[in-house]
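Below is one structure, written out as structure tokens; comments come after it.
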Amino acid sequence: MPTSAPTAHALADVTASDGTLRRFLHGLPGVDAVGLEARAASLGTRSIKTTAKAYAIDLAISMVDLTTLEGADTPGKVRALGAKAVHPDPTDRTTPATAAVCVYPDMVATAKEAVAGSGVKVASVATAFPAGRAALDVKLADVRDAVAAGADEIDMVIDRGAFLAGKYLKVYDEIVAVKEACGTAARLKVIFETGELSTYDNIRRASWLGMLAGADFIKTSTGKVAVNATPANTLLMLEAVRDYRAQTGVQVGVKPAGGIRTTKDAIKFLVLVNETAGEDWLDNHWFRFGASSLLNDLLMQRQKLATGRYSGPDYVTVD
């Protein structure tokens, strides 16, 4: 399996200075927006057979980062979320667990206790999520606190203001510093907030910037803005991780987040993964869904395939 650990590679010199990094990022091929959206739409029309749908639903469940990121989060809510992540359908223990639960740093210890012994990871947002407007030392303290509490994964946000101002090396250095703060204990997901990056060219540049800086995953969105994960922006990021591995031998994961609510949506994204990056990414070590309501729909569709009928509204828990 390809490594996700940072290694010396042919692209190492492009981060030597602000100038070399800028030249590299602006030298990436321009994105054909019409072609990108057409391909994403075309792949989204693919139909799959019933047996394949059952496999896809279980795969999608296993890829969910079950998320609660609200100011009103309580320890009780996080414990309930952890229990649901471990046993999404208590009436059917063949249902796979989710990949992770995703919470704020102060809830990491509670989440860790709730999923103990299950294999479900605990992910924590950090770096002044969701806006990222804080000094670097504050952001790094946020990360260290989450890791010390037991976080297996850190979902950081980039400084979109610096990126849009063309301060690419500043963004790069910040990701490198956060990666260092994660140590060997936690994998790093880098959130771009694609809805604020304005252009597909910027999403491509951000993807390469994040990977060059050592991201283990690149992630579309916080789920806190109007435009979150879309098939087109996810397709673009999948192309980036595919091409990055081809050049460096380093595999990086992808996490679309926000706005993915139905089984139909999830299957469309899995088709994008398979047709663009390939089967190596069809695993929750390399692909995740950042979601809250998606899991309920996956569970209802799973029961429909098993019994031939939809469950009642009380079948799944309300997050």
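Which residue out of 42, 124 is in a helix (DSSP H, G or I) and farther than 21 Å from residue 297 by Cα?
Values: 124 fails: in a helix (DSSP H, G or I).
Only one candidate qualifies: 42.
Among the numbered conditions (1) closer than 20 Å to residue 85 by Cβ; (2) open to solvent by 10 Å² or more (accessible area, probe 1.4 Å); (3) of a type in the set (S, T, N, Q), the only one that residue 124 does not meet is (2). Scanning region 150-161 turns up no residue that is over 20 Å from the mean Cα position of the chain (by Cα), touching a residue at least 60 places away in the same chain (Cβ under 8 Å) and open to solvent by less than 20 Å² (accessible area, probe 1.4 Å).
A Cβ distance below 6 Å, combined with a sequence gap of six or more or placement on separate chains, defines the contacts here; from region 193-210, residues that are on the phi > 0 side of the Ramachandran plot reach residues that are open to solvent by 10 Å² or more (accessible area, probe 1.4 Å) and assigned to a helix (DSSP H, G or I) in the pairs 193/160.
Listed by first and then second residue, the pairs linking a residue in region 286-315 that is more than 28 Å from residue 222 (Cβ to Cβ) to a residue that is open to solvent by 40 Å² or more (accessible area, probe 1.4 Å) and modelled with pLDDT of 90 or more, with Cβ atoms under 6 Å apart and 6 or more places separating them unless they lie on different chains, are 305/54; 310/304; 311/300. Checking 185, 215 one by one, the residue that is open to solvent by less than 20 Å² (accessible area, probe 1.4 Å) and at negative phi is 215 and no other.
Listed here are the residues, each with its yes/no results for (1) among the hydroxyl-bearing types (Ser, Thr, Tyr); (2) out of contact with any strand residue (DSSP E or B) (no Cβ under 7 Å at 6 or more places or on another chain).
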site	(1), (2)
104	yes, no
110	yes, yes
114	no, yes
117	no, yes
131	no, yes
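In region 168-185, what count of residues is obtained for those that are touching a residue at least 60 places away in the same chain (Cβ under 8 Å) and either over 21 Å from residue 200 (Cα atoms) or among the basic types (Lys, Arg) (or both)? Qualifying residue count for the region: 1.
The values are calculated or read from the model by the stated rules, or taken from the named source; none is laboratory data. No experiment lies behind these values; they were computed from the predicted model shown. Positions of Cβ are backbone-derived with ideal geometry, glycine not excepted, and every protein chain shown enters the neighbour counts. Surface accessibility is based on the protein's heavy atoms, side chains included, excluding ligands, DNA and RNA. Shrake-Rupley method; radii C 1.70, N 1.55, O 1.52, S 1.80 Å.
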